[in-house]
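Just so it is clear, none of the values below were taken in a lab; they were calculated from the coordinates. Not measured: the values here are computed from a predicted model. Virtual Cβ from ideal backbone geometry, glycine too; neighbours counted across all protein chains shown.
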Ligand SMILES: [Fe+2]
């Protein structure tokens with residue numbers, strides 16, 4: 001049965017399993033971190049099965065390493081496909097990054113050189129992954145703290161070229177656009193305006209922190225509420241991309257579930273206003 005992803009979601013984290021399963025939970029869908037459920041059994045998988053019965057799901061990975069130079073990990077892809085068969089997600093996504101090499105998994109979302117050569121490399125691997133899974137994937141723009149001197153494309157050109165050449169969609173993390181705009185001195189609004197409207201299939205909203213070491217960089221920590229600047233940028237994203245399913249990502253300093261619901265309600269309000277203005281225009 002097709003279950004289109006629509007509306008507003010939250011990241012499913014172990015501390016929120018019981019909240020997700022309460023009858024009045026006002027969340028339209030949940031996103032899971034794939035690697036937490038690519039196991040043979042245990043409580044997380046048991047809870048996930050119950051959540052999957054009640055909600056549409058998005059599957060979001062952190063270790064595909066789509067930009068890496070090691071061959072794609074076929075065992076990982078088999079496990080990913082098995083999880084997808086189990087929970088029947090509406091969306092499968094990972095990050096536009098590399099996470100290791102020479103067999104070493106660094107568990108970090110590392111930025112790629114933004115060049116045509118890397119576009120071709122990533123696009124070929126995306127097509128192989130999509131063939132294995134039998135469905136389109138979305139790739140997320142990542143936060144970064146450096147750029148490569150050999151870059152020939154800006155970030156919007158890089159994302160657009162990969163979507164066009166591979167057939168993948170984009171998971172637009174609005175917070176990451178804001179963080180990178182600050183860290184790399186570009187206009188985040190102009191970046192959104194340069195992305196292809198039809199390619200954006202999902203939106204992430206999250207909080208960030210200022211680097212405690214005094215570098216002046218913004219760090220993508222997911223341990224704070226979404227800030228006002230990111231809410232404003234989200235309104236602009238709705239103007240440009242329309243009613244794309246959006247969610248709050250929280251991965252540390254977990255608040256009570258009610259606080260996340262309040263953030264989600266704020267996202268709904270902003271989207272409704274921006275959407276009405278978009279229609280009027
Ligand atoms: Fe994200």
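Residue 260 passes every criterion in (1) assigned to a helix (DSSP H, G or I); (2) surrounded by fewer than 19 Cβ atoms within 10 Å (Cβ to Cβ); (3) touching a residue at least 60 places away in the same chain (Cβ under 8 Å) apart from (2). Within the stretch 111-125, one or more residues are within 16 Å of the ligand (Cβ to nearest atom) and surrounded by 15 or more Cβ atoms within 10 Å (Cβ to Cβ).
Taking into account only those residues within the stretch 19-65 that are in a helix (DSSP H, G or I) and touching a residue at least 40 places away in the same chain (Cβ under 8 Å), which is farthest from the ligand (Cβ to nearest atom)?
Filtering the stretch 19-65 for residues in a helix (DSSP H, G or I) gives 19-20, 34-37, 43-54.
If we keep only those that are touching a residue at least 40 places away in the same chain (Cβ under 8 Å) too, we end up with 19, 34, 37.
On the way: 19: 21, 34: 14, 37: 18 Å.
Filtering first and then ranking leaves 19.
Is it true that some residue in the stretch 126-134 is closer than 19 Å to residue 33 by Cβ, assigned to a loop (DSSP other than H, G, I, E, B) and either touching a residue at least 60 places away in the same chain (Cβ under 8 Å) or in contact with a strand residue (DSSP E or B) (Cβ under 7 Å, 6 or more places away or on another chain) (or both)? No, the stretch 126-134 contains no residue that is closer than 19 Å to residue 33 by Cβ, assigned to a loop (DSSP other than H, G, I, E, B) and either touching a residue at least 60 places away in the same chain (Cβ under 8 Å) or in contact with a strand residue (DSSP E or B) (Cβ under 7 Å, 6 or more places away or on another chain) (or both). Does residue 109 qualify as being at negative phi and either assigned to a strand (DSSP E or B) or free of Cβ contacts under 8 Å to residues at least 12 places away in the same chain (or both)? So residue 109 passes the test. Among the residues of the stretch 270-277, not a single one is over 14 Å from residue 176 (Cα atoms), touching a residue at least 12 places away in the same chain (Cβ under 8 Å) and part of a loop (DSSP other than H, G, I, E, B). In the stretch 208-222, the qualifying residues are those that are within 13 Å of the ligand (Cβ to nearest atom) and surrounded by fewer than 21 Cβ atoms within 10 Å (Cβ to Cβ), and the one that is farthest from residue 262 (Cα to Cα) is 221. All of (1) touching a helix residue (DSSP H, G or I) at 6+ places or on another chain (Cβ under 7 Å); (2) closer than 24 Å to residue 19 by Cβ; (3) part of a strand (DSSP E or B) hold for residue 92 with one exception: (2).
Of the residues screened, residue 226 is not one that is touching a residue at least 12 places away in the same chain (Cβ under 8 Å), under 17 Å from the mean Cα position of the chain (by Cα) and away from the ligand (no atom under 16 Å from the Cβ).
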